[in-house]
1. Could you pull out the residue among D133, D85 that is out of contact with any strand residue (DSSP E or B) (no Cβ under 9 Å at 6 or more places or on another chain) and more than 30 Å from P184 (Cβ to Cβ)?
2. Please list, ordered by first then second residue, the pairs with beta carbon atoms under 7 Å, 6 or more apart or interchain, first in region 184-196 and closer than 18 Å to E263 by Cβ, second within 8 Å of the ligand (Cβ to nearest atom).
3. Restricting to region 25-48, give me the number of residues that are over 24 Å from N93 (Cβ atoms) and surrounded by 24 or more Cβ atoms within 10 Å (Cβ to Cβ).
4. Conditions first: (1) more than 18 Å from A274 (Cα to Cα); (2) in contact with a strand residue (DSSP E or B) (Cβ under 6 Å, 6 or more places away or on another chain); (3) at pLDDT below 95. H182 passes all but one, so which condition is the exception?
5. Have a look at E199, E136 and point out the one that is closer than 30 Å to R266 by Cβ, part of a loop (DSSP other than H, G, I, E, B) and of a type outside the set (V, I, T).
6. Taking the conditions exactly as written (closer than 19 Å to M311 by Cβ, within 11 Å of the ligand (Cβ to nearest atom) and at pLDDT 95 or above), does I129 satisfy them or not?
7. Sort through R91, R46 and tell me the only one that's away from the ligand (no atom under 16 Å from the Cβ) and over 29 Å from T175 (Cβ atoms).
8. Just checking, how many residues over region 1-49 are of a type outside the set (A, V, I, L, M), outside any strand (DSSP E or B) and farther than 15 Å from C73 by Cβ?
Amino acid sequence: MRILVVGGAGYVGSTSVETFVDAGHDVTVYDDLSTGHAAAVVRPARLVRGSIEDRQKLQQLLRSERIDAVLHCAAKSLVGESLADPGLYYRSNVAGGVSLLEAMRGAGVNRMVYSSTAAVYGEPRRVPIAEADRTEPINPYGATKLAFEGAMRWFAASHEFRAISLRYFNVAGATERNGEDHDPETHLIPQVLRVATGEATHVQIFGQGYPTPDGTCIRDFIHVRDLGTAHLLALEATAEGDSSLEVYNLGSAAGFSVREVVEAARKVTGRGIAARVVKRRMGDPPVLVASSRRARRELGWQPEHSKLEQMLADAWAWRLTHPAGYSRQPRTDGLTLDRGSSEPRGERPASRSASASA
Ligand code: UFG
């Protein structure tokens with residue numbers, strides 16, 4: 001397959017690129033590098049820098065690279081930021097996504113897999129959450145991801161378009177090459193590991209009065225490697241069938257509380273990790289656990305790496321081998337990438353596309 005990964009320099013996108021490349025597919029990454037890292041794109045995948053809102057450039061790239069299918073993981077994805085600046089989220093996640101859909105239509109590409117989120121459910125009425133359960137997002141992040149699912153559904157109704165939306169729960173872990181390097185970092189596991197390395201003195205536990213056994217929130221963690229496999233299965237599933245949008249939850253069906261995560265991290269790292277309870281963070285549902293039965297049944301997906309200890313161990317190993325994340329990370333070809341620079345020094349962006357530019 002010739003796959004375009006939009007947002008392929010980010011955490012989820014770059015690890016999926018590895019899966020596709022390993023499976024022998026031809027991969028092009030399109031990313032504006034606003035939160036992604038050029039160094040995260042493994043060769044021989046090509047990196048083209050551009051905005052998702054640049055429909056013409058996308059359309060030209062889809063044509064010149066003769067793309068068969070698109071994995072769309074380019075999005076703004078911080079709940080707090082979305083509450084502070086909803087316009088940014090609607091522009092990027094909805095308008096940007098529609099620009100990609102129109103570019104695909106213009107180029108005659110009609111297969112898409114979309115990175116969606118558990119945030120579309122808001123505060124679930126029951127767990128584990130099934131795909132048909134009520135979707136009532138409680139923040140602009142979830143609302144914009146759901147709005148884009150709506151756009152895909154209408155494209156499938158009105159045009160020939162086969163799409164799969166994968167609603168992830170909490171993604172964790174790393175590969176040898178790629179891991180989590182966000183700025184700012186807000187996610188629980190990287191925050192916990194920052195304490196283990198000594199970069200932070202303690203982890204803040206956001207509230208302990210929740211209706212759960214130990215009073216802290218419960219989340220369903222899925223290894224980023226298992227996500228890569230799910231993306232590949234989903235891309236393959238869009239090869240034939242009727243024009244449609246199918247939706248699947250991806251989680252491991254096991255929930256762990258914030259306290260359990262901290263405790264497991266102490267064991268895995270062998271380091272003391274101090275924790276302090278602080279007040280609740282706005283917009284955190286008490287329990288989010290997925291039913292992924294549909295993905296298992298229909299896509300043949302089976303999470304293989306999603307044991308909490310393994311996710312923590314892999315994230316920890318990546319952190320130890322990449323103490324400064326992607327900044328000044330030595331590359332195998334001897335080039336060095338500075339944080340903030342768009343491309344490796346001394347190297348032009350690798351692309352055969354006439355539209356490629358840095
Ligand atoms: N938490 C802490 N301390 C921290 C960071 C997080 O106690 O320093 C807690 C949060 O309150 C929450 C849990 O750890 O209860 C997990 O928080 P994360 O920020 O790691 O992840 P979220 O559950 O908020 O976010 C995930 C996805 C989002 C998605 C959301 C759905 O990353 O994309 O689930 O609610 F929108």
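1. D133
2. L188/V258; L188/V261; I189/V261; Q191/V203; V192/V203; V192/V261; V195/V203
3. 1
4. The failed condition is (2).
5. So the residue among E199, E136 that is closer than 30 Å to R266 by Cβ, part of a loop (DSSP other than H, G, I, E, B) and of a type outside the set (V, I, T) is E199.
6. no
7. It is R91.
8. 5
The values are calculated or read from the model by the stated rules, or taken from the named source; none is laboratory data. Note that this is a predicted model, so its numbers are computed, not measured. Don't worry about glycine lacking a Cβ; one is built from the backbone with ideal geometry, like all the others, and counts go over all protein chains shown.
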